[in-house]
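The values are calculated or read from the model by the stated rules, or taken from the named source; none is laboratory data. No experiment lies behind these values; they were computed from the predicted model shown. Positions of Cβ are generated from backbone atoms using ideal geometry, with glycine treated the same way; all protein chains shown enter the neighbour counts. Protein only, heavy atoms only, side chains kept; ligands, DNA and RNA dropped before computing areas. Shrake-Rupley method; radii C 1.70, N 1.55, O 1.52, S 1.80 Å.
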4 protein chains.
Amino acid sequence: MRVPRSIHFVTGTRADFGKLEPLARAARDAGYSVSFFVTGMHMLPRYGLTKIEVHRMEGVGVVEFLNHREGDPQDVIFAKTVVGFSDHLRILRPDLVVVHGDRVEAMAAALVCAINYVRCAHIEGGEVSGTIDEIFRHCNTKLAACHMVSSQQSRTRVLAMGETDDSVYVIGSPELDTHRADSGVTLEAVRARYDIPFDDYGIVIMHAVTSEADFMGKQAADLFAVLAGSGRCFVVIHPNNDPGSDAIQRVIEAQPHERFRALPSMRFAHFSELLRHASAIIGNSSTGVREAPFLGVPSLDIGTRQTNRAFSPSVHHAEAADHDAIGRFLATVWGHRFPASTEFGGGNAALNFRHILDDEGFWNRPLQKNFHDLPWNREARDA
Amino acid sequence: MRVPRSIHFVTGTRADFGKLEPLARAARDAGYSVSFFVTGMHMLPRYGLTKIEVHRMEGVGVVEFLNHREGDPQDVIFAKTVVGFSDHLRILRPDLVVVHGDRVEAMAAALVCAINYVRCAHIEGGEVSGTIDEIFRHCNTKLAACHMVSSQQSRTRVLAMGETDDSVYVIGSPELDTHRADSGVTLEAVRARYDIPFDDYGIVIMHAVTSEADFMGKQAADLFAVLAGSGRCFVVIHPNNDPGSDAIQRVIEAQPHERFRALPSMRFAHFSELLRHASAIIGNSSTGVREAPFLGVPSLDIGTRQTNRAFSPSVHHAEAADHDAIGRFLATVWGHRFPASTEFGGGNAALNFRHILDDEGFWNRPLQKNFHDLPWNREARDA
Amino acid sequence: MRVPRSIHFVTGTRADFGKLEPLARAARDAGYSVSFFVTGMHMLPRYGLTKIEVHRMEGVGVVEFLNHREGDPQDVIFAKTVVGFSDHLRILRPDLVVVHGDRVEAMAAALVCAINYVRCAHIEGGEVSGTIDEIFRHCNTKLAACHMVSSQQSRTRVLAMGETDDSVYVIGSPELDTHRADSGVTLEAVRARYDIPFDDYGIVIMHAVTSEADFMGKQAADLFAVLAGSGRCFVVIHPNNDPGSDAIQRVIEAQPHERFRALPSMRFAHFSELLRHASAIIGNSSTGVREAPFLGVPSLDIGTRQTNRAFSPSVHHAEAADHDAIGRFLATVWGHRFPASTEFGGGNAALNFRHILDDEGFWNRPLQKNFHDLPWNREARDA
Amino acid sequence: MRVPRSIHFVTGTRADFGKLEPLARAARDAGYSVSFFVTGMHMLPRYGLTKIEVHRMEGVGVVEFLNHREGDPQDVIFAKTVVGFSDHLRILRPDLVVVHGDRVEAMAAALVCAINYVRCAHIEGGEVSGTIDEIFRHCNTKLAACHMVSSQQSRTRVLAMGETDDSVYVIGSPELDTHRADSGVTLEAVRARYDIPFDDYGIVIMHAVTSEADFMGKQAADLFAVLAGSGRCFVVIHPNNDPGSDAIQRVIEAQPHERFRALPSMRFAHFSELLRHASAIIGNSSTGVREAPFLGVPSLDIGTRQTNRAFSPSVHHAEAADHDAIGRFLATVWGHRFPASTEFGGGNAALNFRHILDDEGFWNRPLQKNFHDLPWNREARDA
């Protein structure tokens, strides 16, 4: 009997695990040997020790690597992850490494793969955010051997960056798979578990923008002032551990607890159920511009973090300091429902992923990459 | 009086120093405070301890950092360079960091700059080589704030990768500046210094191709067999310290010393004088496809390392195993002179560089980058 | 209710886990919160992936940290362990860290504890071996806050090194606890599990002596030549991953499989049962000079590794090259039984350990250490 | 001609360089090839960039290694120094490494030497200070191959720790050599260079005690309150970069500049001339208990840092909070002169050092160490 091919997923946050999990599940169910490299925020108690969610998944291997302590700068985290992942790679020897998105852990792993000629697939390349993380994302595109992107727009960017046509697959955004599926829990169960007393609520997720780290406290204070003044109720998810998140956290903690329920993190299925029934989602998480539109839930996108990523009619936008615009959204859009957007696929990314894996050609494509000049580039070049 | 702006150049090999030196000299002479971060091969005795060349330059600061020991894999070198450069950056606090090309040290420095919002200029982005190093080069494009490229073709690629029009400058290839200038030494002095007894000679530079590391010994053996059989004389420069270089080195050492003069490295001005008078240059160094054509010296490019980089009529090509083609070149092209090629500029890169620095707008451009979709990409995207 | 005090054990090899396990079990059963930091050889498949043994222990936490790849020099392993353990310590915040013996991992952890003012207990300090590891052991004595030693002789040495009287406890050698207890398996079960066909067998454990790394192959070849020639049967345990172990390993693999059963490692209880019934133990493991005498099994100690550590009448000694002495032992001492030695305690180290933990004074002793001059030293000093 | 033996000195602070310099000078003048590994505080601008002092020494090689950034914890600094020193050691391949004292850099280097079987001499082992640094010092004793101590008392301690009689040399304290020699500058030149306007002055050096880091600000405030109230004038040297030094620094900066001249550091010869003419030295530097007594200058030792290290009649002691005792010293002892103390040698450590190097037996002693039980230990052991 043939030993099944082994696929090693790298996860550093609850957010990327929410995207990788449907893919890993599909690969596992199709007979591949699946394991996770769990690092980053997952490992820190302060962020909810979300590694437990990975361990909860059955039939997969789990390797833990603590890659930082609180206060470590991102470049030091990067260096530690490179060494740790490279050490592990020598033991694990996977046939494929899967990294996601735009975090420092993903880029460290993709770099190690490129240097060691291990096949690496990058999920959700070609997207823009205007942050330092976007740079990591595009580096991942150049480092990875193949690309599973969420939209045609992303595919176009990945191709422009010189990747070959046959290495880029549009599979859609994988977290939509989870939202499409039955969450397996009821809203009542979710509210009970997370101690959420509200019937009518919005969700708030406000991450730090690294390049604006010094002003995040001010932005959060502005936003939450309007929210608090609205009389409405909110479930607030803690920000990621980027520079500037401390100031946001302090603002969150200062809100009245009877109307603001703050949670370090939620299990993804529970979050999906909560989002589906929310009257709005507010902040600068990609959830607001991608998942909420798929579910038809109205979004208020705040600030610059999702600039150029928000195109659905259900997405509204305001600066944190624009109290009027925020108030208007809370008054007039709150609670509406929009038609589902399919810009980022139809919730079948995992199935698409599995079809790619089952194609023998995928595994035989050479690892040495060549920059592929697009026709219009070639014209410009030769002009 | 205003404190002059400080520019910190990162150099890891004699090759990139040959390119950075004219730029650094121009910046120094224009009144900027110039320093070098010297690391990589420069620091190892085995590769000629070429850090001495950097120290020889007057009026610039020099910081040394040993980033590896013999045998360290590239990802470990990368991680050590990230930590060391980041530690140094906190002391040096330069206004601009300049990195060159496609080596692991350059990418490590560019990554640290991106994470710490230090302005970084990348020299010779947008070129292709089909090696792992090419990936590092394109990552540098995504990490750096601005780009000083050597040709229109390179500029087109950098733009395709999403960089904005105003961040990409065509300055030409800087080592041509050195070749254009008076070397300051005579051929006789060069031959005396390096103990080169030949009047008529070719130059051989054969680097390892990482993805072909296991076959480099074979390729070198093939090539040198024909060279030895030709009866001609050769100056051989040792390969860079990439995986596979040991095998090449062993082949070099086995050649008859009376007709093969092997040197770990040469001072760049001396090398320029030697190249100008050579009957041919043979191997897979970029010198053969870029500098030799500018000087009109015939090249025989071997193998895949310069694939897609060789367009001048003075450049001939052969596989290492193709004894006939190599022999034919030695017999018929040896000693010819071709018209100078200007594909990579006219030898005035340093002057162009200085003009960029003297433009106040250069220093005020924001460090936060946004992916710039080219018109044809936007069409494809919106289609 | 009071939160129980937390104790974090550091284990890097199957050998030290065999010593730490009885202590950890006793602490756990007494209500302490117990966890393990699993690193070193435990994590490498080549050495039997013995981390599984730690996971098998119920009611304790397990943290894994891969601190090296094959081929890493010991100082690099040391540095990686320092950073990794220090990162983990910030999360775990244990009340006590327990390290054992003389390996690089133990010293790295003890150093981190000393620097961060975390209470650290060192097991089996004050012993001598004449290897580089002995130096690590004595450094551990200077780094640790308290000392649980195996014999009066060791206590005397720890005191001579300046440790205070009240910080040194003689608890005996902990692995004797396991040998004293019922192993829970029968010899038949052990033989079946590990596929050992012999009724009458010796056990061979030959580790590399770092300072003799270049000669270990020769020593192993000498020893195994006599063993093979004796016609007797042997269970051979693979050496630790020290420099020189490869050469030993190659000799082991070259022996006739029908009389030499080689095993990467054994579960400790199974090994205990096997040892109890062995006709002899041969090699340079401490098992031969400490555990075998406690069980009355005859030992042949080879070479310098246990010099000054072997005092029981059941322990015989020979150089690897002394074929006669080895042959004589195999012919005349093989199969004898000796009275149990209590030089290293009576197999109740765990009970002694627990009594120490249950003394409130143990936890309140200050962490700042002062060198305690013994009376005779003070005399010499003041003379 | 024989290649001279090479000696590599490790220096991390201006303090240890003051001790190593006379030894290095003697070795250089005796024909040895001498180089320095310059790291630690030397490299940080904030501490006066004292690496320049090392570069000023003629006829020696200098290797720089930046081993930390501000804020790095000591264990991270340790790990980086281990890797960096080990990388360098592979290039330098010295015959002897010399480390001094009790700092983290010295221990990191001694550890690398022990692991790589490079001969290492430790200067000033066997001394006590009651700080975390004392632990590093005793670890150095166990790691180093030989020991050059400053007093009989220290020798006794090193022997008690198991080192062999022939590996321990009493050479005296090397900085006394500098104080004994003509400083080469006049007091007037020193005062002019460092802008010291006072004719009658005391010197203040107050370092942080790591284990009391949280209280150092209070201690400094107490001490300086009395100093300021005394109306006397003081030259104040900045503290080392240990945890707690920031608070001391802030107190120093708050003193009236017309009577308190604060300096980040001084060249050692200048400092020696200044000390020789000082009316008193105050604080917790070892200068007060060792160098001042040799020069007959009265000392006021503050707090615990020099506990058990101060035995000369010229040394007085007070707690920082004991305003009366400090005031009494300033009123009654200030300006006195005492007979020179020879407890730490006669200022000829460098000559003694050279004699050791010139003994061929020194270089042939085996590197493998064995714990040497002293006679009284053996008795206790065998009892």
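Among the residues of region A:235-251, at least one is at pLDDT 95 or above, assigned to a strand (DSSP E or B) and out of contact with any Gly (no Cβ under 8 Å at 6 or more places or on another chain). Number of residues in region A:143-201 that are of a type in the set (S, T, Y), over 30 Å from B:I132 (Cα atoms) and out of contact with any Ser or Thr (no Cβ under 7 Å at 6 or more places or on another chain) equals 2. Which ones in region D:115-142 are of a type outside the set (K, R), open to solvent by less than 10 Å² (accessible area, probe 1.4 Å), in a helix (DSSP H, G or I) and modelled with pLDDT of 95 or more? Answer for region D:115-142, where residues must be of a type outside the set (K, R), open to solvent by less than 10 Å² (accessible area, probe 1.4 Å), in a helix (DSSP H, G or I) and modelled with pLDDT of 95 or more: D:F136, D:H138, D:C139, D:N140, D:T141. Tallying residues that are in a strand (DSSP E or B) and within 18 Å of the chain's Cα centre (by Cα) within region A:143-156 yields 3. If you filter region D:192-236 down to residues that are of a type in the set (K, R) and closer than 21 Å to D:L330 by Cβ, you find that the one that is nearest to the chain's Cα centre (by Cα) is D:K218.
Determine, yes or no, whether B:F17 is in the same structural domain as B:H122 (by TED's automatic domain parsing) and at pLDDT 95 or above. Answer is no for this residue. Cβ-Cβ distances below 6 Å connect the following pairs, each with a first residue in region A:361-383 that is closer than 20 Å to B:I132 by Cβ, a second residue that is at pLDDT 65 or above and small (G, A, S), and a separation of six or more residues or different chains: A:L367/A:A145; A:Q368/B:S211; A:N370/B:G130; A:F371/A:G162; A:H372/A:G162.
Pick from region B:171-215 the residues that are acidic (D, E), touching a residue at least 60 places away in the same chain (Cβ under 8 Å) and not in a loop (DSSP other than H, G, I, E, B): which of them is least open to solvent (accessible area, probe 1.4 Å)? Looking at the filtered set, the residue picked out is B:E175. One residue stands out in region C:143-157 among those that are crowded, with 24+ Cβ neighbours inside 10 Å and of a type in the set (A, V, I, L, M, F, W, C): the one that is farthest from the other protein chains (Cβ to nearest Cβ), namely C:M148.
Return the residues of region A:21-51 that are assigned to a strand (DSSP E or B) and either open to solvent by less than 10 Å² (accessible area, probe 1.4 Å) or under 19 Å from A:H122 (Cβ atoms) (or both); say none if nothing qualifies. Give the derivation first.
From region A:21-51, those assigned to a strand (DSSP E or B) are A:33-38; that's our starting set.
Scanning region A:21-51 gives A:V34, A:S35, A:F36, A:F37, A:V38.
Please go through region A:250-286 and give me each residue that is farther than 21 Å from A:A192 by Cα, surrounded by 22 or more Cβ atoms within 10 Å (Cβ to Cβ) and not aliphatic (A, V, I, L, M), ordered by number. Residues satisfying the conditions are A:G283, A:N284, A:S285, A:S286. Residue selection: C:S129 fails the criterion of being of a type in the set (S, T, Y) and at the interface with another protein chain (Cβ under 8 Å from one of its Cβ atoms). So if I check each of B:V76, B:V83, which one is part of a helix (DSSP H, G or I), closer than 17 Å to B:P243 by Cα, open to solvent by 10 Å² or more (accessible area, probe 1.4 Å) and facing chain A (nearest Cβ under 10 Å)? B:V76 is the lone residue from the list that is part of a helix (DSSP H, G or I), closer than 17 Å to B:P243 by Cα, open to solvent by 10 Å² or more (accessible area, probe 1.4 Å) and facing chain A (nearest Cβ under 10 Å). How about region C:86-101: which of its residues are more than 21 Å from the chain's Cα centre (by Cα) and more than 14 Å from chain D (Cβ to nearest Cβ)? Once the filter is applied, which keeps residues that are more than 21 Å from the chain's Cα centre (by Cα) and more than 14 Å from chain D (Cβ to nearest Cβ), region C:86-101 yields C:I91, C:L92, C:R93, C:P94, C:D95.
Of the set (1) surrounded by fewer than 24 Cβ atoms within 10 Å (Cβ to Cβ); (2) of a type outside the set (V, I, T); (3) at pLDDT below 95, all apply to C:R103 but (1). Going residue by residue through region B:93-114, is there one that turns out to be out of contact with any helix residue (DSSP H, G or I) (no Cβ under 9 Å at 6 or more places or on another chain), without any contact (Cβ under 8 Å) to a residue 40 or more places away in the chain and assigned by TED's automatic domain parsing to the domain that holds B:F353? No, region B:93-114 has no match at all.
Among the residues examined, A:E105 qualifies as within 17 Å of B:C139 (Cβ to Cβ) and either part of a helix (DSSP H, G or I) or facing chain B (nearest Cβ under 10 Å) (or both).
Out of all the residues in region C:321-331, is one or more in contact with a Ser or Thr (Cβ under 6 Å, 6 or more places away or on another chain) and either surrounded by 15 or more Cβ atoms within 10 Å (Cβ to Cβ) or of a type in the set (D, E, K, R) (or both)?
Initially, region C:321-331 is screened for residues in contact with a Ser or Thr (Cβ under 6 Å, 6 or more places away or on another chain), giving C:330.
With the extra rule that they be either surrounded by 15 or more Cβ atoms within 10 Å (Cβ to Cβ) or of a type in the set (D, E, K, R) (or both), the set shrinks to C:330.
Within region C:321-331 (the criterion being in contact with a Ser or Thr (Cβ under 6 Å, 6 or more places away or on another chain) and either surrounded by 15 or more Cβ atoms within 10 Å (Cβ to Cβ) or of a type in the set (D, E, K, R) (or both)), the answer is yes, since at least one residue qualifies.
Residues that are away from chain C (no Cβ under 14 Å) number at least 1 in the following helices (runs of 4 or more DSSP H) confined to region D:269-383: D:292-295, D:323-332, D:349-357, D:360-364. Selection of first residues in region A:237-263 that are farther than 19 Å from A:I203 by Cβ and without any contact (Cβ under 8 Å) to a residue 60 or more places away in the chain and of second residues that are among the charged types (D, E, K, R) and crowded, with 20+ Cβ neighbours inside 10 Å, restricted to Cβ pairs under 9 Å at least 6 apart or on distinct chains, gives the following pairs, ordered by first then second residue: A:D242/A:D133.
Scanning region B:347-383 for residues that are of a type in the set (D, E, K, R), open to solvent by 20 Å² or more (accessible area, probe 1.4 Å) and at pLDDT 85 or above yields B:R354, B:D358, B:D359, B:E360, B:R365, B:K369.
Might you let me know whether region D:52-70 holds any residue that is farther than 30 Å from A:R69 by Cβ, within 14 Å of chain C (Cβ to nearest Cβ) and open to solvent by less than 40 Å² (accessible area, probe 1.4 Å)? The answer is no; no qualifying residue exists. Where the second residue is among the acidic types (D, E) and open to solvent by 20 Å² or more (accessible area, probe 1.4 Å) and the first is touching a residue at least 40 places away in the same chain (Cβ under 8 Å) and under 13 Å from D:S265 (Cβ atoms) and lies in region D:42-71, which pairs have Cβ atoms under 9 Å and are six or more apart or on separate chains? Partner pairs satisfying both residue conditions: D:L44/D:E70; D:R46/D:E70; D:E53/D:E21; D:V54/D:E21; D:V54/D:E64.
In region D:42-51 there is no residue matching the filter, namely being within 14 Å of chain C (Cβ to nearest Cβ) and of a type outside the set (S, T, Y). Considering the conditions (1) assigned to a loop (DSSP other than H, G, I, E, B); (2) over 16 Å from the mean Cα position of the chain (by Cα), D:S265 is excluded by exactly one of them, (2).
Can you pull out every residue in region D:216-226 that is crowded, with 23+ Cβ neighbours inside 10 Å and among the aliphatic types (A, V, I, L, M)? D:M216, D:A220, D:L223, listed by residue number.
Considering the conditions (1) buried (at least 18 other Cβ atoms within 10 Å of the Cβ); (2) touching a Gly at 6+ places or on another chain (Cβ under 9 Å); (3) more than 14 Å from every other protein chain (Cβ to nearest Cβ); (4) small (G, A, S), D:A160 is excluded by exactly one of them, (3).
Checked against (1) within 14 Å of another protein chain (Cβ to nearest Cβ); (2) open to solvent by 10 Å² or more (accessible area, probe 1.4 Å), D:S167 passes all but a single condition, namely (2).
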